[in-house]
Structure formats: C-alpha cells, structure tokens
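Everything on this sheet refers to the single structure shown next.
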Amino acid sequence: MRVFLSIDIRDDALLARISRIQSRLDSKAAKLKLVEKNNIHFTLRFFGDTPVSRIDEMRKALGVLQFSPFTIQVEGIGAFPNPRRPNVIWIGVSQNAQEMTDLKEKIDTELANLGYPLEKGFKAHATIARVRAVNDREGIVKSLESLVRESAGTMTVSSFQMTKSTLTSPGPIYETLWEIPEKR
C-alpha cells in the first residue's frame with residue numbers, strides 16, 4: 001500500500017485561497033499540473049509501498065506521541081529544487097514552521113525505533129503544482145517571485161494522518177487510513 005504521513009488542510013476557505021493563488025501562476029511560462037484543491041496537504045513523511053503490518057506498527061508507535069495544537073501561517077510560494085529549475089511549486093509556512101519541524105522530528109524519533117532512518121532537511125510546505133515543462137524560464141521566475149509573500153491564511157494543526165495514495169491516470173486518490181490527534 002502506497003502511504004505517507006500528512007497534515008491535511010480541511011478549511012474550505014483556506015483551500016479556496018490557495019486555489020486562487022494557483023490560478024495566478026503563469027501557465028504560459030510553464031506547463032503546470034495543478035494539485036486538486038482537496039488533495040493539497042503538508043507531507044510529513046513519504047513511505048511509498050508499505051506492508052499493512054508496518055502501517056499498523058507505525059500507528060501504535062505514533063499513538064503515544066504528545067504534542068499541543070499550534071497555528072501556522074500558510075504563506076509564500078517557492079519551488080523545488082529552485083525557481084529557475086522548478087519541478088514542484090509549493091506554498092510554505094511562515095509562522096510556527098519550527099512547531100511543524102518539531103512535530104516532524106518527534107515522528108521521526110518514534111519511527112527510528114521501528115528501523116526507519118532519520119530524515120534531514122525538512123521544509124514545511126504543501127505542493128500546489130507540478131511543472132511538466134518550462135516554456136519561458138524568466139516568465140516562471142517572475143511569476144514565482146510575484147507570489148513569494150502571498151498569504152493564504154492560517155490554520156490550526158491539531159492532528160496528523162496516515163494517508164493511502166492510489167495512483168490513477170487523472171491523478172492520485174487519497175484516503176485517510178488513521179489519524180493521530182494532539183495530546184498534551
């Protein structure tokens with residue numbers, strides 16, 4: 001089963017604002033595949049194909065995790081690996097990004113006890129588009145630069161999810177398998 005850990009964006013108004021930002025990306029400068037509004041999320045860790053028994057082990061291990069809810073500012077458009085050579089366009093976190101990083105580190109510590117390696121270089125972000133081809137490099141750079149301070153709003157992080165991803169030709173279908181709520 002193809003799975004990942006995520007923080008889902010469930011606020012319809014926030015998702016609508018992210019969609020408006022997506023519509024402002026220069027689709028003439030680059031051929032873009034926009035992420036569907038209901039598929040936008042913050043990925044904490046991608047596992048790929050994983051046996052159900054391992055997914056159950058992760059649920060038990062992560063169920064003991066303690067964290068308090070926190071509010072993030074969803075803001076700032078960027079690209080991986082960089083704006084001049086974009087493969088992925090994302091919206092970031094400007095307020096309390098360290099809280100999200102701390103949660104990610106707690107998750108990784110628990111997963112290390114199950115034999116998963118620690119991950120380095122986490123950057124809190126939600127993918128909003130994939131770049132299929134760049135037609136006008138300067139145009140896409142300008143488009144991204146014009147949105148670098150664009151804010152979609154705030155959201156409270158009070159849980160994270162294990163999500164199943166089924167790949168289909170129109171795009172992935174996501175299904176929440178389980179959720180770990182905040183615990184203090």
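Modelled spin labels at Lys106 and Arg24, positioned 7 Å past Cα toward Cβ, are 3.4 nm from each other. Specify the inter-centroid distance of the stretch 102-134 and the stretch 13-75, based on alpha-carbon positions, in whole Å. Rounded to whole Å, the Cα centres lie 11 Å apart. The GNM of the chain, with springs linking C-alpha atoms under 10 angstrom apart, assigns the highest mean-square fluctuation among Ala13, Ala129, Ala29 to Ala13. With the convex hull drawn over the C-alpha atoms of the stretch 19-133, the volume per residue is 130 Å³. Given +1 at the Cβ of Lys and Arg, -1 at the Cβ of Asp and Glu and no other charges, the dipole of the chain around its Cα centre is 580 debye to the nearest 20. Amide hydrogen proximity for His125: with H placed 1.01 Å from N in the peptide plane, the residues at 5 or more positions away or on another chain lying under 5 Å are Thr43.
Taking amide hydrogens as placed 1.01 Å from N in the peptide plane, the amide H of Leu32 sits under 5 Å from those of Arg132, each at least 5 positions away in sequence or on another chain.
So for the stretch 2-169, averaging the separation of alpha carbon pairs under 8 Å that are six or more residues apart and normalising by length, what relative contact order in percent results? Reported relative contact order: 40 percent. Taking the Cα atoms only, what angle lies between the long axis of helix 137-146 and the longest principal axis of the chain, rounded to 10 degrees? Once rounded, one gets 70 degrees.
For the chain, the 222 nm mean residue ellipticity estimated from helices alone, with every DSSP H stretch of n ≥ 4 adding -39500 (n - 2.57) and the total spread over all residues, rounds to -8500 deg cm²/dmol. Residues considered: Gly78, Gly48, Gly121. Largest GNM mean-square fluctuation over the chain, using C-alpha springs under 10 Å, is found at Gly121. 3J(HN,Hα) along the stretch 35-45, derived from phi through the Karplus expression 6.51 cos²θ - 1.76 cosθ + 1.60 where θ = phi - 60°, amounts to 6, 4, 3, 7, 9, 6, 7, 9, 7, 9, 6 Hz, with x in place of Gly and Pro. Angle of helix 12-23 to the longest C-alpha principal axis of the chain, folded into 0 to 90 degrees and rounded to 10: 40°.
Where a number appears in this text, it was derived from the coordinates with a stated rule and is not lab data. The model shown is predicted, which means the values in this text are computed figures rather than measured ones. Because the Cβ atoms are built from the backbone with ideal geometry, glycine has one as well, and the counts that use them run over all protein chains shown.
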